[in-house]
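> Got a structure for you, questions after.
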Amino acid sequence: MNQRILRLLKMDGKMTYREVAEKLRRSPSTVRDRIKRMEDFNVILGYSAIVNNELMGMQSDAIVLANIGDGVTVKDLRKLRNVDGVMEVLLVSGGRGVLIRLHAPDNHTLESTIANSIIPLGLKDVEVRIILESVMRFPGI
């Protein structure tokens with residue numbers, strides 16, 4: 001049943017216990033207890049809104065691929081959470097080992113953020129891919 005609850009919450013994180021319970025034909029208290037347990041065990045890490053970045057003034061969206069320079073640690077990469085516009089940082093396989101999802105109001109700000117806040121952390125071989133269109137957007141990204 002937890003998988004079914006998670007599937008519903010992924011589609012609409014604003015669903016009430018009662019709404020989930022109705023769809024699963026269970027009591028709201030059972031659903032509430034299961035959700036609480038999944039939150040306590042960090043299965044559910046949080047809830048977020050899917051935001052239309054363009055309407056919020058974020059016209060530029062990019063993927064930054066890079067390699068980690070000598071001496072750079074994962075702890076150093078976590079500093080990127082304090083950089084405006086950085087939405088996600090992933091360690092990935094392939095030619096470049098770091099993927100950063102970045103939103104900015106315009107391309108000039110995007111370029112400035114990469115040059116002044118991302119590269120100085122010790123990243124090298126930086127490649128920027130501008131996102132032309134979002135076909136499907138997931139919560140928080």
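> Inspect segment 76-87 for any residue being in a loop (DSSP other than H, G, I, E, B), without any contact (Cβ under 8 Å) to a residue 12 or more places away in the chain and either surrounded by 15 or more Cβ atoms within 10 Å (Cβ to Cβ) or not assigned by TED's automatic domain parsing to the domain that holds LEU9 (or both) and give the result as yes or no.
Looking through segment 76-87, none of the residues is in a loop (DSSP other than H, G, I, E, B), without any contact (Cβ under 8 Å) to a residue 12 or more places away in the chain and either surrounded by 15 or more Cβ atoms within 10 Å (Cβ to Cβ) or not assigned by TED's automatic domain parsing to the domain that holds LEU9 (or both).
> Right, next: Within segment 38-75, can you find the residues that are among the small types (Gly, Ala, Ser) and either over 14 Å from the mean Cα position of the chain (by Cα) or loosely packed, with under 13 Cβ neighbours inside 10 Å (or both)?
GLY46, SER48, ALA49, GLY57, SER60, ALA66, GLY69, GLY71
> I've got another one for you. Tell me yes or no: at least one residue of segment 88-97 is over 30 Å from ARG4 (Cα atoms) and surrounded by 14 or more Cβ atoms within 10 Å (Cβ to Cβ).
Yes, because at least one residue in segment 88-97 is over 30 Å from ARG4 (Cα atoms) and surrounded by 14 or more Cβ atoms within 10 Å (Cβ to Cβ).
> Hey, another quick one. Report, by residue number, each residue of segment 15-45 that is free of Cβ contacts under 8 Å to residues at least 24 places away in the same chain and part of a loop (DSSP other than H, G, I, E, B).
MET15, THR16, ARG25, SER27, PHE41, ASN42, LEU45
> Looking at the structure I just gave you, is ARG101 closer than 28 Å to MET11 by Cα and assigned to a helix (DSSP H, G or I)?
no
> Then there is this: Any chance you could count how many residues in segment 98-130 are free of Cβ contacts under 8 Å to residues at least 60 places away in the same chain, exposed (fewer than 15 other Cβ atoms within 10 Å of the Cβ) and among the aliphatic types (A, V, I, L, M)?
Total meeting the criteria: 1.
> A further question on this structure: Within segment 117-139, does at least one residue satisfy the condition of being part of a strand (DSSP E or B) and either touching a Phe, Trp or Tyr at 6+ places or on another chain (Cβ under 6 Å) or more than 14 Å from LEU65 (Cα to Cα) (or both)?
no
> Can you find even one residue in segment 56-66 that is under 24 Å from LEU91 (Cα atoms), assigned to a helix (DSSP H, G or I) and at pLDDT below 95?
Checked against the condition, which is being under 24 Å from LEU91 (Cα atoms), assigned to a helix (DSSP H, G or I) and at pLDDT below 95, segment 56-66 yields no hits at all.
> Picking from ILE35, ILE100, which residue would you name as being under 20 Å from the mean Cα position of the chain (by Cα) and among the hydrophobic types (A, V, I, L, M, F, W, C)?
ILE100
The values are calculated or read from the model by the stated rules, or taken from the named source; none is laboratory data. Quick caveat: nothing in here was measured; it's all calculated off a predicted structure. Virtual Cβ from ideal backbone geometry, glycine too; neighbours counted across all protein chains shown.
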